[in-house]
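Please treat every number below as a calculation from the coordinates, not as lab data. Quantities reported herein were computed from a predicted structural model and do not represent experimental measurements. Cβ placement follows ideal geometry from the backbone for every residue including glycine, while neighbour counts extend to all protein chains displayed.
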Amino acid sequence: MNTKDVARDSYHLATRLEECPFNAFWVVLLDDGTEIYQSEDRADLKECSPWMRLKQLCQETGRKILHMAYAFRDGKGTQINCLPNAGGYFFSKRMRTLLTAHPALAGFTDDAIGVGYLRGNMLTVIWLRNDGVREEDSRDITENEPFNLIRS
Amino acid sequence: MNTLTFLAPSGAPASGTIIQQLTTPGNTSGANFLGFFGTGGPQGAPFAVIVDRYQDKTFITNMSGTNLGVAPWGLRASGQLINNKYLTSNTVNIDGGGSVAISTVPINSGTVLIRFVPSGSIAVRTQNATLRAVILNSTSGVDNVTSVVTGLKVQGFEPINDSAWTQMAGTGATDNQLPFNDHNSSLAQHDFFACLSASPEAVGQRNNFGFFMIVEFL
């Protein structure tokens, strides 16, 4: 079987854009030309997250990610393109909440997704908040490698 | 929808109380604040914490530091939380019981429990969870949440996992956040406990700050 079939049948990953149910989604290009798209989290699988199943696929088949992007089907957002041929790629979700009695901020919460790439030991993450604002942070992962980093 | 909620932990007099209850934007009279007081608590005397000393009582309060055990709030035990008073860099006084090594503090002695539940009963791992004490003012917004509170020392530690306080704010702070251990097991609920202590660096009521919790997960 080729990687596309293995990804779909053994790792339950989306290998065609039509299988991706989201307007905004991550997409990666593997080193044999296979494209993998973000799909729904699956509570019925041992590993719910498609990103973590992609990590398993890469580790178990030796495939590497050449490029990663965060794309928008409707074209309303600007696609986030990660550095090509990076040392690794990262995807995460984030939630924040503020405990305060401040009149304007009490009850504030927000969600975000983060896509990132590794250069040396520095991981650069672009966070896209649910209000559309983008933030970027860089972190040295020498002593604490994120579990959701897929090394190339 | 993901939820991230501040609660009174099981060991607290106000066990199980949701701290953000009655909270709607603009509501400053709801139970949505952590109040650090002197030995009298929010109603007794002295209610104030002496400058450069740490608090003797901790309560869930509104912005005015009101006792919320009375109507219309009626919080259990007036919203009293376990008091974790800073003594030295590696000891704490829990509810006036004397000096205890931080490394031996049980998890349910936390001042607050911060519970993260991802949407859809999905099991996730967490990492880089941090708690910050941030300053807020009339022009503050979500972009300002990395601004550390000033004029107030805030100390914190994570019971079970830490053996020393982390100074989160105030003169001498080296790290402006309390980091929590990563949760490497996939779970549909993640609980973070924090012991918190505060000391004013100047005279006067302080209510222009908040606690900001950040969790990364997948």
* Asked: Using the count of nearby Cβ atoms within 10 Å as a rough guide to exposure, how do B:Met63, A:Met95 rank from fewest to most?
  -> B:Met63, A:Met95
* Hey, what angle do you get for helix A:50-61 against the long axis of chain A, alpha-carbon based, 0 to 90 degrees rounded to 10? -> 30
* Structure fact -> Taking 0.36 nm per residue of separation between A:Ile141 and A:Ala69 and subtracting their Cα-Cα distance, the length gained on full extension comes to 23.8 nm
* **Taking B:Lys153, A:Lys64 and counting other C-beta atoms within 10 Å, the order from fewest to most** => A:Lys64, B:Lys153
* To do: Would you mind classifying segment A:1-91 by shape? Square roots of the alpha carbon gyration tensor eigenvalues, ordered a ≥ b ≥ c; an a/c under 1.5 is rounded, otherwise it is prolate if a/b is larger than b/c and oblate if not.
  => oblate
* Asked: Helix-derived [θ] at 222 nm for the protein assembly as shown: sum -39500 (n - 2.57) over DSSP H runs of at least 4, divide by residue count, nearest 500?
  -> -1500 deg cm²/dmol
* Structure fact -> Quick note on A:Asp31, B:Asp52, A:Asp41, ordering by fewest other C-beta atoms within 10 Å, gives B:Asp52, A:Asp31, A:Asp41
* **Where only alpha carbons of chain B are counted, the Rg and the Dmax (Å)** => 16.4, 48
* Interatomic Cα distance distribution for segment B:115-218, bins of 10 angstrom, percent -> 14, 41, 31, 12, 1
* How big is the Kirkwood radius of segment A:3-151, worked out from every pair of different alpha carbons and given in Å to one decimal? -> 16.4
* Which value, in Å³ per residue, describes the convex hull spanned by the Cα atoms of the protein assembly as shown? -> 143
